[in-house]
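Data first, discussion second: the structure below is written as structure tokens.
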Amino acid sequence: MKKYFDRELSWLSFNYRVLQEAINPYEPLMERLKFLAIYSANLDEFYKVRVASLKNILKIEKKQGLEPNPYIKKLLKKIKKTVFEQQAEFNHIFNTKILPQLEEENIFLINQKQINEEQKAFLKSFFDNDILPLLKIKEVSETTSVFVKNKGLYLAIDVINKATIEHNYFIVNVPIKKTQRFIKLPNNENKEIIIQLSDVMRLFLPQHFPDYNWVKCYEINLTRDAELYLEEEIAETIQEKISASLYKRKVGAPSRFLYDERMPKELQKILRKNIGLQKGDSIPGGRYHNFNDFFAFPMPNKPDLFYPVFDVLQHPELEKSESYFNAISKKDFILHFPYQNYCYITDFLEEAAEDENVEEISITLYRVAKHSKVCQALIKAAEKGKKVMVFSEVKARFDEELNLHWADKMKEAGVDVHYSFEELKVHSKIFLITRKEGNKKAKYAYFGTGNFNEDTSRIYCDHALLTKNPQLTNELSKVFHFLINRQKETIRFKHLLVAPFNMREQFNKMIDNEISNAKKGLKAQMILKMNSLEDRQMIDKLYEASNAGVKINIIVRGICCLIPGVKDMSKNITVISIIDRYLEHGRIYWFYNGGNEKLFLASADWMKRNLTYRVEVGFPIYDKRLAMEIKKLLSLQLKDSIKARKLNKTQSNPYKKSTAQKRIRAQFDYYEYLKNKAES
């Protein structure tokens with residue numbers, strides 16, 4: 001029996017859990033369509049990053065004259081087979097479930113052969129005025145070479161030359177980014193009739209090939225390598241390297257080529273040669289690709305086709321407080337997003353910017369919103385003469401450009417901006433405010449599991465602690481001292497868990513303590529909630545704990561390389577995964593500790609990169625009132641009988657069975673729990 005699930009195959013198993021939500025007939029129809037878009041967007045990123053990295057290893061080995069790694073070659077074949085099966089199920093769901101149910105709601109997604117004359121006239125004007133000027137038609141043959149953009153959508157055209165009676169081939173861009181993917185058509189009935197841009201082009205392109213007989217066209221889509229290879233750059237600073245490398249992402253090596261399975265083999269062969277595809281890059285699909293564009297599908301005004309509206313909850317005490325400083329001076333506060341309003345964080349920073357007694361603000365930024373109120377508050381604070389230090393992680397994948405943009409704006413306002421370490425990525429979610437109070441300087445801290453991002457706070461489940469506890473604020477000062485001075489001497493922490501300094505060591509100590517108690521015949525238990533579990537040292541330690549008799553419950557959203565429920569290895573470990581309307585993002589680590597419970601929240605998952613190659617911060621919840629709120633969430637999630645899947649030895653993702661009379665849906669029930677607390 002193997003000891004670990006493969007990371008990549010475990011990730012594909014996670015993405016299948018997303019696809020399960022689109023399959024689920026009990027979910028609202030438009031939400032199921034969104035889950036298809038999420039599945040597609042996830043898969044795009046997987047190919048841009050993970051598959052591209054595997055292929056790069058093989059490419060490097062080939063350049064060095066080495067034998068290609070047989071494990072990677074075998075893994076790539078498994079990935080392709082798994083994705084092929086999932087894509088077939090995806091297309092089946094869309095064509096036989098989603099489309100017919102949309103039609104039952106009088107929403108019709110039609111093709112160019114189904115339109116009437118009025119609609120054709122409407123589309124002709126739209127095509128001539130808005131689309132035709134954006135088109136770039138290029139011939140492809142055995143002797144040509146064309147560049148296909150990353151995530152670009154194209155039509156491959158098959159025509160017959162009237163003079164030579166030979167097939168000729170062309171490709172043309174489908175300009176969805178400059179126009180719209182879905183076009184609503186006029187009609188005289190109470191219907192919503194929608195056509196895709198590629199079908200509009202199929203309708204009118206033939207007239208622009210007067211010397212040819214039109215045969216057919218096929219939609220294609222290419223995903224390119226999206227990793228940034230900074231070591232290849234010669235720029236002096238990290239921000240310069242990132243800026244230079246962003247262009248490489250757009251022109252990176254192909255990692256996946258999606259094509260219409262009806263495309264003739266001759267055209268496939270020519271496209272593979274033109275684009276520079278390797279064996280195994282091509283994946284056949286249906287008529288349409290880029291399903292992540294379905295996020296922009298015209299949404300009907302039919303509330304019953306969506307999740308019920310959850311009004312964002314107010315925090316009963318913070319809402320009434322005239323000053324966040326006064327409130328936090330009296331007690332700690334914990335916030336739970338997206339259930340509670342994120343405005344308390346931005347409002348606190350804005351109050352700090354205006355407060356004449358505030359002297360310093362230090363913060364780490366990983367992924368910020370496009371119109372970031374957090375960054376705006378920091379700019380205001382600097383303009384008001386406060387000392388503002390921002391550590392901007394410009395290596396946050398797919399957000400590098402936005403982070404550089406805000407970093408430049410903050411520098412212009414006088415903010416002291418520090419950039420990424422060469423060897424470490426700063427993933428912690430922290431800020432520290434220093435305020436003059438009488439003859440002393442008081443410190444106020446924020447510790448979070450999620451990013452300082454107002455946009456994602458509406459859909460990501462995260463937690464944030466606001467505190468003035470000097471045990472925590474003094475140690476947080478050490479973290480910022482390290483970030484600014486970059487001195488690698490050992491820094492000791494008693495309360496915080498900080499990677500790469502003491503986080504792994506302290507987690508191991510807490511697990512060892514449970515093992516010791518279990519061997520003494522005492523109650524020993526852990527509940528671990530995270531996004532991903534991949535670090536083999538931590539997995540081995542959990543196996544050791546399981547064999548000692550420690551009861552271990554794991555709640556993991558994504559990758560899980562631990563194999564649960566195996567005799568003499570992981571018999572005492574159960575793993576569940578919850579996929580629902582919000583993205584589970586919080587990291588929570590609870591240890592029974594002989595009855596003197598320990599509870600930590602953190603920015604870190606148990607992945608090697610988090611515990612070894614990132615600056616992460618885990619923070620204890622000492623206040624028993626706040627600990628109860630977190631433990632209530634854990635309890636609901638472990639009892640979830642609607643959205644929880646049990647991760648098993650075969651990675652088949654069965655829904656968790658329950659004999660309880662009352663069915664639990666953790667996200668919905670936790671919202672009600674917080675709502676009742678706010679109203680009581």
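The values are calculated or read from the model by the stated rules, or taken from the named source; none is laboratory data. All values derive from a computational prediction rather than experimental measurement. All Cβ positions, glycine included, derive from the backbone under ideal geometry; neighbour counts span all protein chains shown.
Details
- Per the listing GLU67, GLU45, GLU89, the residue uniquely part of a helix (DSSP H, G or I) and at pLDDT below 90 is GLU45.
- Scanning segment 115-129 finds no residues that are surrounded by 12 or more Cβ atoms within 10 Å (Cβ to Cβ) and in a strand (DSSP E or B).
- Of everything listed in (1) in contact with a helix residue (DSSP H, G or I) (Cβ under 8 Å, 6 or more places away or on another chain); (2) within 23 Å of ASN439 (Cα to Cα); (3) not aliphatic (A, V, I, L, M), the single unmet condition for GLU360 is (1).
- The one condition in (1) at pLDDT 95 or above; (2) surrounded by 15 or more Cβ atoms within 10 Å (Cβ to Cβ) that LYS519 fails to fulfil: (2)
- For first residues located in segment 593-615 and basic (Lys, Arg), partners that are at pLDDT 95 or above and assigned to a strand (DSSP E or B) and lie 6+ apart or on another chain with Cβ distances below 9 Å form the pairs LYS598/TYR589; LYS598/TRP590; LYS598/PHE591; LYS598/PRO620; ARG614/ALA499.
- Residue selected from segment 552-598 under the condition assigned to a loop (DSSP other than H, G, I, E, B) and of a type in the set (Gly, Ala, Ser), by the criterion nearest to the chain's Cα centre (by Cα): GLY558
- The set of residues in segment 139-149 that are over 35 Å from the mean Cα position of the chain (by Cα) and touching a residue at least 24 places away in the same chain (Cβ under 8 Å) comprises GLU139, VAL140, SER141, GLU142, THR144.
- Checking each residue in segment 473-526 for being closer than 27 Å to TYR592 by Cβ, in a helix (DSSP H, G or I), without any contact (Cβ under 8 Å) to a residue 40 or more places away in the chain and basic (Lys, Arg) picks out LYS509, LYS519.
- In segment 210-239, the residues that are at pLDDT below 55 and surrounded by 15 or more Cβ atoms within 10 Å (Cβ to Cβ): GLU227, LEU228, LEU230, GLU233, ILE238, GLN239
- Test: residue in segment 464-481 that is modelled with pLDDT under 95, in the same structural domain as ILE345 (by TED's automatic domain parsing) and over 27 Å from the mean Cα position of the chain (by Cα): yes
- Evaluating ILE345 against the criteria (1) free of Cβ contacts under 8 Å to residues at least 40 places away in the same chain; (2) crowded, with 23+ Cβ neighbours inside 10 Å leaves one unmet condition, (1).
- Check on PHE147, assigned to a helix (DSSP H, G or I) and not charged (D, E, K, R): no
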